[in-house]
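A quick write-up on the structure given underneath.
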Amino acid sequence: VFVILNPAILFYVPGPSLVRIINPSKSFKLKDTFIDLLVNQKIYLKPRLSLNYFSVLCESNPIDIRNYILAQTGLNFNDYINGFRVSHSVSLMNKGYLKSHSIYSLGEECGFNSHQSFFRAFRKVHNTSPAKYYKLQISETSVLR
């Protein structure tokens, strides 16, 4: 009843965020472009990768890119790209990268601008620090031998 008498209150009530649906043919094109850029070209290794630059590479606009990622994964652009970077860091750990390099250089190698952003993104994905994750991986592989 209060809302009916005072409809202006609806302006201040937070509503569910709306995701704009993009054209299915555009969605297929974006999927192919994403696979090429992220899997084949590994564009996520570029430290200053931005949504605007990525949208230029995809020949699309940033809003469509953002909505596509959100609809497919539920993540924002930065978290989506950081997920690829963290996966790459784990891959390098498994290949023995940390035997001759530091964890700080691992973050830089994977496209992070700073070790803080690397640690934050790694913790967001794996709920632990890169060093603890690596030590756990080493202990698991030594137990299996």
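Of the helices (runs of 4 or more DSSP H) entirely within region 100-145, those holding at least 1 residues that are loosely packed, with under 12 Cβ neighbours inside 10 Å and at pLDDT below 95 occupy 130-144.
Residues of region 33-47 being among the polar types (S, T, N, Q) and either within 15 Å of Val86 (Cα to Cα) or under 13 Å from the mean Cα position of the chain (by Cα) (or both), which ones? Hits for region 33-47: nothing passes. With respect to the numbered conditions (1) in contact (Cβ under 8 Å) with a residue 24 or more places away in the chain; (2) of a type in the set (A, V, I, L, M, F, W, C); (3) surrounded by fewer than 18 Cβ atoms within 10 Å (Cβ to Cβ), which one is the sole condition not fulfilled by Val39? Tallying (1) in contact (Cβ under 8 Å) with a residue 24 or more places away in the chain; (2) of a type in the set (A, V, I, L, M, F, W, C); (3) surrounded by fewer than 18 Cβ atoms within 10 Å (Cβ to Cβ), Val39 fails exactly one: (1). Checked against (1) modelled with pLDDT of 90 or more; (2) open to solvent by 50 Å² or more (accessible area, probe 1.4 Å), Arg20 passes all but condition (1). The residues listed here are Tyr80, Tyr133; of these, the one that is of a type in the set (Phe, Trp, Tyr) and either under 16 Å from Phe34 (Cβ atoms) or touching a Pro at 6+ places or on another chain (Cβ under 8 Å) (or both) is Tyr80. For region 48-70, give me each residue that is more than 13 Å from the chain's Cα centre (by Cα), open to solvent by 50 Å² or more (accessible area, probe 1.4 Å) and not polar (S, T, N, Q). Within region 48-70, Arg48, Tyr53, Val56, Leu57, Glu59, Ile63 qualify.
The values are calculated or read from the model by the stated rules, or taken from the named source; none is laboratory data. The shown structure was predicted, so the numbers you read here are calculated from the model rather than taken from an experiment. Cβ sites come from the backbone with ideal geometry, for glycine too, and all protein chains shown count toward neighbours. Quick note on the areas: whole protein, heavy atoms, side chains included, nothing else; ligands and nucleic acids left out. Shrake-Rupley method; radii C 1.70, N 1.55, O 1.52, S 1.80 Å.
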